[in-house]
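The values are calculated or read from the model by the stated rules, or taken from the named source; none is laboratory data. Keep in mind it's a predicted model, so treat the numbers as computed, not measured. Backbone-built Cβ (ideal geometry, glycine too); neighbour counts: all protein chains shown. For the accessible areas, the whole protein counts, side chains as well, though only heavy atoms, and no ligand, DNA or RNA atoms are used. Shrake-Rupley method; radii C 1.70, N 1.55, O 1.52, S 1.80 Å.
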Amino acid sequence: MSTYLKEGKTPSDIQEADTKVADIVRSTIQDIEDNGDKAIRNLSEKFDNWSPESFQLSQKEIEEICDSIPEQTAKDIAFAQNNIRQFAEHQKNSLKDLEVETMPGVILGHKNIPVNSVGCYIPGGRYPMVASAHMSVLTAKVAGVQRVIACTPPINGEIPATTVYAMHMAGADEIYILGGIQAMAGMAIGTESIQSVDMIVGPGNAFVAESKRQLYGRVGIDLFAGPTETLVVADETSDPEMIATDLLGQGEHGPTSPGALITTSKAIAEKTVKEIERQLTTLPTADVARVSWEDYGQIILAEDEQEALAEADRLAFEHVEILTKNPDFFLENMTNYGCLFLGPETNVAYGDKVIGTNHTLPTKGAAKYTGGLWVGKFLKTVTYQKVTSEEQSAYLGEYAARLCQLENFAGHAEQALLRVRKYGEKS
């Protein structure tokens, strides 16, 4: 039976914080709905000290920003975007339209149609999330979305040039320097200066995530993405330095980012704890990573590999690194995760930034029912039907009428019976 060597905050503690965020988001969305651009400007001034003549960048401004990007940075972004584009294109190619004749004269099918317009949020603040431009804007464009707009907040009252460059190179049709709740609500609801979209996507802080939750329904979303989660599964062959590095490397995302270790080796767990403490004395972002580890870190000691698998599936974390001697055991058997990182040669940072898989992934247990952002999220699989034979229509109508009558749907039955009368007489 598994035992906890370290536990993080309780679910009730987390729920209390979530409730406070939800109340703030609800009132802010209502303000934007009532007051449009005026509310957005007030919020941007209050939280970002940002009130330009227009929140949308002009083509000239974008061109000037692009010209200012260092050559090496441009090459690095091109490398990452090429990897992400390639994988997204392969994913799209795996999705096929379908048409089949299920019985003579009865044709059923489905088509994969891109969403018409999408709003992408690219986080800023302490960490300008340049990679989120590739993950959302570029993937939407590969899917065939006609209009993709993108929002990112200013950083210390300045336009984040590298992020804007990445958004532009990814294919954004409109770029807004706007952050937080005001960006999400502006894209979803629309204002005098922002035309609303059909879907909003992208990661962000607790307020951005809660905005997506509350706006879902009036627009589509990719998924509910909360604070970054990282799980490392280890055994006696694993490297404690690597475990500690990879947990703290993700813990720096924010003070509420959970990190967990599941291991079959108590010795590895103890060495990892010591290694975490050592690295926290030198890590430049230790002020954040220490809080996330102390408040949300977990260590679970499992009896064997099978129990480690069960615990990993129970947690259903966003990122799962498998550092055991047999990583493929988890690839073949694990069912609940956002993305798997198999073996010591890879790590979550590769997935976050460069390797090609998408980094917008499910958190807070959502991996039990959904995967992450990908080309398919921007496509609607819609069905159609046609009957080319009058005789077949009458034949279907007899079955349909009886089944409708079983449910007391007289009007439904009449739709079918009309075809029976109209077409059945000719057969």
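For the structure I just gave you, tell me whether Thr152 is closer than 20 Å to Ala349 by Cα and either free of Cβ contacts under 8 Å to residues at least 60 places away in the same chain or open to solvent by 10 Å² or more (accessible area, probe 1.4 Å) (or both). When the stated conditions are applied, Thr152 does not pass them. Restricting to the stretch 199-217, name every residue that is among the charged types (D, E, K, R) and surrounded by 19 or more Cβ atoms within 10 Å (Cβ to Cβ). Listed by number, the residues that qualify are Glu210, Lys212. Cβ-Cβ contacts under 7 Å between residues 6 or more apart (or on different chains), taken from a first residue in the stretch 214-241 that is in a strand (DSSP E or B) to a second residue that is among the basic types (Lys, Arg), are listed as Ile221/Lys212. In the stretch 108-118, the qualifying residues are those that are open to solvent by less than 30 Å² (accessible area, probe 1.4 Å) and over 14 Å from Gly376 (Cα atoms), and the one that is farthest from the chain's Cα centre (by Cα) is Gly109. Residues in the stretch 245-268 that are within 31 Å of the chain's Cα centre (by Cα) and in a helix (DSSP H, G or I): Thr245, Asp246, Leu247, Leu248, Gly249, Gln250, Gly251. Picking from residues in the stretch 349-393 that are in contact with a Lys or Arg (Cβ under 8 Å, 6 or more places away or on another chain) and surrounded by 20 or more Cβ atoms within 10 Å (Cβ to Cβ), the one that is farthest from Val148 (Cα to Cα) is Ser393. Pairs linking a residue in the stretch 111-122 that is outside any strand (DSSP E or B) to a residue that is among the β-branched types (Val, Ile, Thr), with Cβ atoms under 6 Å and 6 or more positions apart or on different chains, are Val115/Val145; Ile122/Thr152; Ile122/Thr163.
Taking first residues from the stretch 90-102 that are outside any helix (DSSP H, G or I) and partners that are among the basic types (Lys, Arg), the Cβ contacts under 8 Å between residues at least 6 apart in sequence or on separate chains come to Asp97/Lys111.
Within the stretch 16-41, residues that are of a type in the set (D, E, K, R) sit with their Cβ atoms under 7 Å from residues that are open to solvent by less than 80 Å² (accessible area, probe 1.4 Å), at 6+ positions apart or across chains, in these pairs: Arg26/Gln214; Asp31/Ala39; Glu33/Ile189; Asp37/Thr191; Asp37/Ser193; Arg41/Ser51.
Residues that are open to solvent by less than 20 Å² (accessible area, probe 1.4 Å), of a type in the set (A, V, I, L, M) and more than 12 Å from the chain's Cα centre (by Cα) were ranked within the stretch 218-244; the one that is farthest from Pro344 (Cα to Cα) is Val219. Condition (residue is within 23 Å of Lys380 (Cα to Cα), modelled with pLDDT of 95 or more and open to solvent by 50 Å² or more (accessible area, probe 1.4 Å)) applied to the stretch 64-81: is it met by at least one residue? No, that holds for no residue. Count of the stretch 23-42 residues, restricted to those that are part of a helix (DSSP H, G or I) and surrounded by 16 or more Cβ atoms within 10 Å (Cβ to Cβ), is 8.
All told, Val164 falls short of being assigned to a loop (DSSP other than H, G, I, E, B) and not small (Gly, Ala, Ser).
The criterion of at least 3 residues that are of a type outside the set (Lys, Arg), more than 30 Å from Asp18 (Cα to Cα) and touching a residue at least 60 places away in the same chain (Cβ under 8 Å) is met, among helices (runs of 4 or more DSSP H) falling completely within the stretch 325-427, by 390-406. The residues in the stretch 274-289 that are open to solvent by 80 Å² or more (accessible area, probe 1.4 Å) and over 12 Å from Glu241 (Cα atoms) can be counted, and the count is 4. All of Asn49, Asn35, Asn83, Asn42 fail the test of being out of contact with any strand residue (DSSP E or B) (no Cβ under 9 Å at 6 or more places or on another chain) and on the phi > 0 side of the Ramachandran plot, apart from Asn49. May I ask you to verify whether Ser196 is touching a Gly at 6+ places or on another chain (Cβ under 7 Å), assigned to a loop (DSSP other than H, G, I, E, B), of a type in the set (S, T, N, Q) and open to solvent by less than 10 Å² (accessible area, probe 1.4 Å)? So Ser196 does not fit the description; no.
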